[in-house]
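Notes to accompany the following structure.
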Amino acid sequence: MTLRVDTRIAEPDLALGDETALNAARLTHLQRLEAEAIHIFRETVAECERPVLMYSIGKDSQALLRVAIKAFYPAPLPFPLLHIDTTWKFREMIRFRDSYTKELGLKLLVHTNPDGLAAGVGPFTHGSATHTDIMKTQALKQALDLQGFDAAFGGARRDEEASRAKERIISFRNAAHAWEPKAQRPELWRLYNTRHRRGESLRVFPLSNWTELDVWQYIQLENIPLPDLYFAAERPVVERDGTLIMVDDDRMPLAPGETPTLQKVRFRTLGCYPLTGAILSDASTLDEVIAEMTTSRMSERQGRVIDRDQSASMEKKKREGYF
Amino acid sequence: MADGGLHGKGQVGGEALSPQRDLLRFITCGSVDDGKSTLIGRLLYDAGAPPQDELERLERDSLRSGSAAGRLDFSLLVDGLAAEREQGITIDVAYRYFATDKRKFIVADTPGHEQYTRNMATGASTAEVAVILIDARKGVLTQTRRHSFLVSLMGIRKVVLAVNKMDLVGYDQAVFDAIVADYRAFAAPLGFTEIQAIPVCAPDGVNVAARSTSTDWYDGPTLIQYLETVPLTEASLKAPLRMSVQGAVRPDPEFRGVSGLITSGHVQPGDTVRVCPSGRTTTVARIVTYDGDLPLAVAGQSVVLTFADEVDASRGDVIAAADAPPQIADTVTATLVWMDDAPLALNRDYLLKLGARTVAAKVTDLHHRIDVNTLQPVAAETLALNGVGEVTLRLDQAAPFDPYDEARDTGGFILIDRLSNATAAAGMLRQAVRRADNIHWQAQSVDRSARARMKGQRPAVLWLTGLSGAGKSTLANRIELQLQATGRHTYILDGDNVRHGLNKDLGFTEADRVENIRRVAEVARLMADAGLIVLVAFISPFRADRDLARSLMPADEFIEVHVDAPLAVAEARDPKGLYRKARAGELKNFTGIDSPYEPPLSPEVYIDTTTTSPDDAAAQIVRLIEQRGLPGLDGDGI
């Protein structure tokens with residue numbers, strides 16, 4: 001399946017200006033969104049020295065990666081992938097990451113904060129806020145500095161969260177990776193001002209204008225593989241503060257008498273397993289997931305423990321350099 | 001009444017949203033007082049966009065915020081930025097998303113009054129439709145005029161006039177009709193092709209998604225119906241092809257293509273296209289995508305094109321319909337919307353980004369500012385943040401463009417501050433002041449090399465620099481005599497003949513001296529274009545100015561000659577008595593005395609006039625000129 005659905009209707013020898021043919025060639029919203037994202041990838045690569053794609057193995061990353069590959073076809077992807085591994089990701093995510101990038105022959109860089117690793121930082125011992133700061137935010141800054149990347153592509157969308165509604169497609173960060181509200185540049189038409197000095201960098205969000213449903217429909221149309229975690233299956237979970245947490249390995253401390261139960265669950269977003277809530281679901285195929293999403297309709301961040309942490313709003317995190 | 005109950009479910013959105021929808025971007029204009037947030041919230045709600053947990057929060061918060069019993073406060077759905085406002089974070093343009101079965105919508109919402117011009121220009125730049133809110137009790141206000149002007153300025157031609165709070169005027173048709181008549185009269189000069197007025201009560205959803213018996217006198221579309229059916233950009237599919245080249249695609253020696261997004265028109269293999277600004281024509285061989293070759297690509301698609309010939313096309317070039325190419329000019333008029341805290345500096349170098357092309361540009365004239373409230377031109381010295389003005393821009397190289405009103409993507413540009421890297425302004429190109437259209441393709445039969453061939457010589461600019469009294473004029477004269485003797489066509493530009501005519505308006509301040517040299521360099525270039533060997537004898541003490549002159553010429557047609565003599569020798573010669581005057585303080589800024597001379601670092605020729613006679617020096621330079629051979633012949637040998 002491809003997005004060429006409409007254009008393939010057109011006969012190769014159609015007369016120029018033929019209105020019927022042109023009407024048939026009208027683009028769908030997904031085609032427009034894809035074309036916009038491709039344009040953003042190409043602009044960034046043309047104007048930046050060392051771009052990198054932040055690969056987080058989730059559905060948004062998968063969609064982002066497919067668009068990136070399309071943007072540079074028939075040339076190979078002109079930048080590597082970077083995964084910030086907190087060591088607390090679902091094991092299946094890591095398996096999926098390694099096999100998928102190998103299959104496509106992509107260059108994958110993996111970075112873990114060595115200081116955090118040495119100090120044994122984790123969500124159970126240090127709490128979600130500290131864990132996220134050290135193993136994600138600080139780790140990301142380390143990796144970008146280490147390699148001298150000046151542009152990092154991410155799969156964030158403006159519809160994800162209220163404070164992202166005004167995020168730029170190309171978001172400027174100073175040399176300390178901080179997001180400065182005053183330094184954000186107006187974005188008009190399809191013109192992006194990517195100018196930056198050495199040490200300064202850009203976060204680039206080609207999927208800014210996509211919604212969660214757009215991503216799912218794109219994945220379906222494009223036949224993009226996803227980790228199984230997105231689809232309902234019986235998995236061992238415990239309930240913590242009203243959130244279903246999957247027991248993915250034996251690092252998960254269980255309270256006396258607490259035993260994981262097998263429940264049919266799936267995940268709407270993927271991250272560190274102790275911070276990612278599962279939802280009860282029977283949706284085990286892409287069609288069923290999309291159908292369930294349009295009827296049950298809870299926001300996708302509902303399962304993320306990190307967002308509920310009031311003292312650390314997304315805005316604050318962003319100012320500190322969170323993606 | 002439309003459904004406004006606590007458990008109202010989305011009416012338009014729903015289960016199986018088709019992936020075959022199209023996309024409409026629009027902007028909402030109005031203040032919080034007009035109920036703008038409530039209207040957007042209601043649109044999102046009626047389209048079923050907010051997820052269930054957000055709706056539950058809406059119900060809870062509506063009770064708390066003291067809304068009328070059983071009425072939801074829809075503004076809460078879009079006021080998610082309240083916390084940031086308290087933290088003092090700038091709120092400029094927020095984008096919202098919703099979809100119906102027919103279309104996906106992207107709404108640009110520009111809250112706040114302070115930065116309205118900059119923010120509205122940004123939001124409107126990508127919008128096809130503007131929804132302008134009017135409070136039925138207040139009618140057309142100054143802000144309505146301001147919003148309508150900006151919307152029109154940014155090229156939006158379709159406007160919805162949402163007359164809100166109709167419940168507060170008893171759904172009176174006479175009130176509605178009067179407001180609409182008033183607005184149409186005011187908006188007549190703004191060039192809107194369509195003004196759809198709709199009577200609305202946002203909290204109750206009247207004429208948002210559902211019709212209402214309260215307005216049974218209104219038989220037009222609801223807001224959502226209008227947005228779902230307003231025709232999209234078909235026009236741009238039939239418009240001439242434009243694709244700004246983002247990059248060359250050369251994965252292997254066999255494949256040569258260019259990538260880009262088609263911004264207007266359409267293209268098929270076999271089409272004849274023109275690469276601008278070079279003007280070469282070629283035929284499209286393939287339209288390459290990851291999903292396979294396409295038989296047709298249209299505006300809005302990102303593609304890779306390959307051509308039948310090996311044409312040079314690189315980033316920033318425009319691939320255009322061969323029979324309807326863009327204009328090419330280096331001096332243009334434009335409307336600027338100033339967006340930076342630092343005001344416009346006339347004649348300062350900015351970077352101008354147009355499509356994928358970035359060039360240096362300066363604003364040489366500010367014709368006037370436009371008062372966005374009265375739409376009247378006002379005399380102005382500069383443009384400050386949120387200022388709008390008409391200007392003339394001079395680019396350092398000719399660029400292909402279309403007038404903004406014909407094609408936004410090839411007529412809209414940004415100016416970037418070279419020091420701060422801030423986006424300083426958005427601009428809409430209007431027309432070429434000096435067209436370069438014809439230089440490349442229609443004038444090819446008589447181009448500069450043809451003119452040079454007629455003279456049987458390769459043109460050159462011989463740039464003689466050195467202290468006053470070093471011997472530049474003497475040397476120039478000897479060179480000219482020797483060249484004339486062998487039938488060469490020459491001309492000498494020196495300080496005296498230029499200062500008394502072309503540059504008699506210039507003094508000796510640093511700025512004037514820079515301009516003096518710039519003009520001389522331009523004249524020298526024109527004369528070289530005409531085929532002449534031009535001898536320039538100017539002190540030209542600053543390296544940057546000489547480099548500018550060099551940059552105007554092909555590499556082997558600029559010959560820098562350092563005519564050197566120690567200051568003491570030059571001062572002793574003092575042929576015009578200038579050193580004496582400078583020493584006496586009668587001449588200010590005299591090179592060598594109270595103004596520096598920056599010697600060339602690597603001139604093509606170095607002449608020490610204390611050891612070389614003028615005739616020997618001239619002979620050496622003439623040999624160099626003759627060794628370069630003739631234009632259009634291979635090799636520089638004899």
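The values are calculated or read from the model by the stated rules, or taken from the named source; none is laboratory data. These numbers come from a predicted model, not from an experiment. Note that we place each Cβ from the backbone using ideal geometry, even for glycine, and neighbour counts take in every protein chain shown.
Out of all the residues in segment A:192-202, is one or more farther than 25 Å from B:ALA342 by Cβ, out of contact with any helix residue (DSSP H, G or I) (no Cβ under 8 Å at 6 or more places or on another chain) and facing another protein chain (nearest Cβ under 7 Å)? No - not one qualifying residue is present in segment A:192-202. Residues in segment B:314-343 that are within 14 Å of chain A (Cβ to nearest Cβ) and either outside any strand (DSSP E or B) or without any contact (Cβ under 8 Å) to a residue 40 or more places away in the chain (or both): 11 in all. Where strands (runs of 3 or more DSSP E) fall entirely within segment B:115-208, those with at least 2 residues that are away from every other protein chain (no Cβ under 14 Å), over 32 Å from the mean Cα position of the chain (by Cα) and surrounded by 24 or more Cβ atoms within 10 Å (Cβ to Cβ) are at B:158-164, B:194-199.
Quick check on segment B:255-269. Is at least one of its residues at the interface with chain A (Cβ under 9 Å from one of its Cβ atoms) and surrounded by fewer than 17 Cβ atoms within 10 Å (Cβ to Cβ)? Within segment B:255-269, one or more residues are at the interface with chain A (Cβ under 9 Å from one of its Cβ atoms) and surrounded by fewer than 17 Cβ atoms within 10 Å (Cβ to Cβ). Filtering segment B:241-254 to residues that are of a type in the set (Lys, Arg) and buried (at least 24 other Cβ atoms within 10 Å of the Cβ) leaves only B:ARG242.
Inspect all residues belonging to segment A:142-155 and state whether any of them is in the same structural domain as A:ILE38 (by TED's automatic domain parsing), touching a His at 6+ places or on another chain (Cβ under 6 Å) and at pLDDT 90 or above.
yes
Residue check: is B:LEU548 under 27 Å from B:GLU626 (Cα atoms) and surrounded by 19 or more Cβ atoms within 10 Å (Cβ to Cβ)? No, not satisfied. Please verify whether A:ALA143 is under 25 Å from A:PRO114 (Cβ atoms), more than 10 Å from chain B (Cβ to nearest Cβ) and surrounded by 19 or more Cβ atoms within 10 Å (Cβ to Cβ), treating the condition exactly as stated. Considered against the rule, which asks whether it is under 25 Å from A:PRO114 (Cβ atoms), more than 10 Å from chain B (Cβ to nearest Cβ) and surrounded by 19 or more Cβ atoms within 10 Å (Cβ to Cβ), A:ALA143 comes out as yes.
Give segment A:31-68 a look and list any residue that's touching a helix residue (DSSP H, G or I) at 6+ places or on another chain (Cβ under 6 Å), facing chain B (nearest Cβ under 7 Å) and of a type outside the set (D, E, K, R), or say none. Result: A:ILE38, single match.
For B:GLY88, indicate whether it is surrounded by fewer than 24 Cβ atoms within 10 Å (Cβ to Cβ), in a loop (DSSP other than H, G, I, E, B) and at pLDDT 70 or above. When the stated conditions are applied, B:GLY88 does not pass them. Residues that are free of Cβ contacts under 8 Å to residues at least 60 places away in the same chain and among the small types (Gly, Ala, Ser) within segment B:528-571 comprise B:ALA544, B:SER551, B:ALA555, B:ALA568, listed in sequence order. Regarding segment A:23-33, can at least one residue be identified that is at pLDDT below 65 and out of contact with any strand residue (DSSP E or B) (no Cβ under 6 Å at 6 or more places or on another chain)? Yes, the conditions are met somewhere in segment A:23-33.
Considering only segment B:1-21, I want to know if a residue exists there that is modelled with pLDDT of 80 or more and either in a strand (DSSP E or B) or touching a Phe, Trp or Tyr at 6+ places or on another chain (Cβ under 6 Å) (or both).
The answer is no, given that none of the residues of segment B:1-21 is modelled with pLDDT of 80 or more and either in a strand (DSSP E or B) or touching a Phe, Trp or Tyr at 6+ places or on another chain (Cβ under 6 Å) (or both).
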